[in-house]
Amino acid sequence: MTAESMDELVALAKRRGFLYQASELYGGLQGIYDYGPLGVELKNNLKAAWWRSMVYERDDVEGLDCSILTNPKVLRYSGHEDTFTDPLQDCRACKSRWRADHIEDGRCPNCGSDDLTEPRPFNLMFRTAVGPIDDGSSFAYLRPETAQSIFTNFRNVLDSTSRKPPFGIAQIGKAFRNEITPRNFIFRVREFEQMELEFFVEAGTDEEWHERWVQERMAWWTQQGVSPAHLSLYHHPAEDLSHYSKATVDIMYRFPHGVEELEGIANRSDFDLGSHTRNQDDLDIHAKVMPNPDSSVRLAVHDQQAKRWSVPWVIEPSAGVDRGVLAVLNEGYRVEQLDNGGQRTVLALKAHLAPIKAAVIPLKRNHEGLVARARAIKAELQRLGLGRILFENTGNIGKAYRRHDEVGTPMCITIDFRTIEEDDTVTIRDRDSMAQERVSVAELGDRLRGMLAASDSASTMTAADDGA
Ligand code: ATP
């Protein structure tokens, strides 16, 4: 089960503190959102799961964290200044603006008029003045993708790590696009985060690696709790490919508003490293790149035996963090009818993504002995470093369970008089089955660890030298 409409998710997100409209008290800012107390945990957990599977569980990937402000030359040679555009059409009747490929039947989606301007390219990059004099001569772009800084640091990473292809560089961070029509909650926004891997391979092995990464990424999303039935692949037709791409496959997800892209996996050929390279003349570059007199380095690897330089090819799995958050929220969301005639809302998130791993609740509010024991248990579990453990002194256990069902807390731990007066056992209650069980406090750490390990079981990812 998933949400029946985006409205259900938007309402839950606001009510429980996952997401808020940014600058809301001044009327908001279109296509910009803030993550609330639970949203930041969910988002961090999703990013951590990606980082774990991309960097820690593999032996062929390094990480980077680069700046957002970007020298315009980077985005000139990458092709973004010329081609990172969407076709824009204005409605002459109601003055609204649309992305031409989002218009159906040649009519304005707002007022129905067919009096539209011809489509014209609109560059999606944001720019900002750098330094105290704003005369237009000194500006930087806010990066439209994290990828470029991985390419421009390629030589630095090679020199500081002794890597050689096949290997990858991963980055998670903000990207900015001045989308013509941001919409569908956090699906299409102007400020968002990407999780990108640039995986460098030898020319000729690119198609095999591309296929492999598509499979790896499908497997990862299902590991995050996304049902395979809601995922599909879309192969871009040749005429729609981006300027750098030899082939692109999108992982599509059935969002509440329709089936749309969750992640794109592109074969970027040798375009980017080739473009940012000085002295391209003696290099065998497949992509059409313009001469680059501005770069100071050669983004290529030297083959000692063959005594020649070659530019690696790049496979890029690029996923949107915010679209991922939306997908896992949607996947987890369900409204269940209960035997007693009531109903409950459950966010059945995988435990490793849940904003709160366990809530520790004293049976009676403000009871000194119960509260002290609960606080001590909370502190002890928190020290295990498994994520956020919440101490909750509200007293109404039934209500606390419902609230934690709704925000996806997989385990509630109730401290009662038996805990403090008899045998140091507690009740743990499972979010999904609602089953309750008596366990000793000494066992709690292992229970939590076991729950999280089962949720985020070791990925299927393998090292580069394993077969490819
Ligand atoms: P779309 O066709 O939906 O505009 P795109 O093909 O331009 O997306 P890519 O350039 O492939 O997107 O970016 C990689 C990923 O970054 C996307 O799969 C998506 O998850 C995310 N992303 C891109 N644009 C946005 C946006 N405006 N808001 C949120 N996430 C985005």
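FYI, it's all coordinate maths here, none of it is from the lab. Computed from a prediction, not measured in an experiment: that's the story for all the values here. Methodologically, a virtual Cβ is constructed for each residue, glycine included, from the backbone with ideal geometry; neighbour enumeration extends over all protein chains shown.
Below are the figures for this structure:
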| read-out | value |
| --- | --- |
| Other-chain or far-sequence residues with amide H under 5 Å of Val297's (modelled H) | Arg278 |
| More than 28 Å apart - percent of Cα-Cα pairs taken over the stretch 205-340 | 36 percent |
| Kirkwood hydrodynamic radius over Cα pairs of the stretch 124-181, then Stokes diffusion coefficient at 37 °C and 0.692 mPa s, in µm²/s | 236 µm²/s |
| Helix-derived mean residue ellipticity, 222 nm - over the chain, DSSP H n ≥ 4, -39500 (n - 2.57), to 500 | -8000 deg cm²/dmol |
| Degrees between helix 368-382 axis and first principal axis of the chain (Cα, 0 to 90, nearest 10) | 30 degrees |
| Relative contact order (%) - criterion: Cα under 8 Å, at least six apart; region: the chain | 14 percent |
| In degrees, nearest ten, helix 6-16 long axis to first principal axis of the chain (Cα) | 60 degrees |
| Pair-distance profile P(r), taking every C-alpha pair of the chain, with 10 angstrom steps and integer % | 4, 17, 25, 23, 16, 9, 4, 1, 0 |
| Ranked by how many other beta carbons lie within 10 Å on average, peptides 44-55, 273-284, 4-15 from highest | 44-55, 273-284, 4-15 |
| Partners for Lys378 among lysines (Cα-Cα distance below 30 Å; same-chain residues under 8 apart left out) | Lys14, Lys43, Lys47, Lys350, Lys357, Lys364, Lys399 |
| Projected area, mean over directions - the stretch 123-226, Cα convex hull, nm² | 10.2 nm² |
| Zone residues, the stretch 396-426, relative to Glu368, backbone N less than 19 Å from point 7 Å out along Cα-to-Cβ | 416-422 |
| Helix 321-332 axis, angle to the chain major axis (alpha carbon atoms, nearest 10°) | 40 degrees |
| Cα-centre dipole for the stretch 266-346 with unit charges at Cβ (Lys and Arg positive, Asp and Glu negative), debye to 20 | 80 debye |
| Extension gain (nm, one decimal) between Glu24 and Ser160, 0.36 nm per residue minus Cα-Cα | 44.5 nm |
| Largest-first ellipsoid semi-axes for the stretch 304-352, taking √(5λ) over the Cα gyration tensor eigenvalues, angstrom | 51, 10, 6 |
| Tail beyond 15 Å, pair distance distribution of the stretch 333-397 (Cα, percent) | 62 percent |
| At 1.002 mPa s and 20 °C, Stokes diffusion of the stretch 2-123 via Kirkwood alpha-carbon radius, µm² per second | 113 µm²/s |
| Ranked list, fewest to most other Cβ atoms within 10 Å of each Cβ, for Arg344, Arg16 | Arg344, Arg16 |
| Scattering curve values for the stretch 177-255, log₁₀ I(q)/I(0), Debye with Cα scatterers, q = 0.25 Å⁻¹ | -1.35 |
| Kirkwood-based Rg to Rh ratio, the stretch 381-456, C-alpha trace | 0.94 |
| Gained length - Asn110 relative to Arg183, 0.36 nm times residue gap less alpha-carbon distance | 24.9 nm |
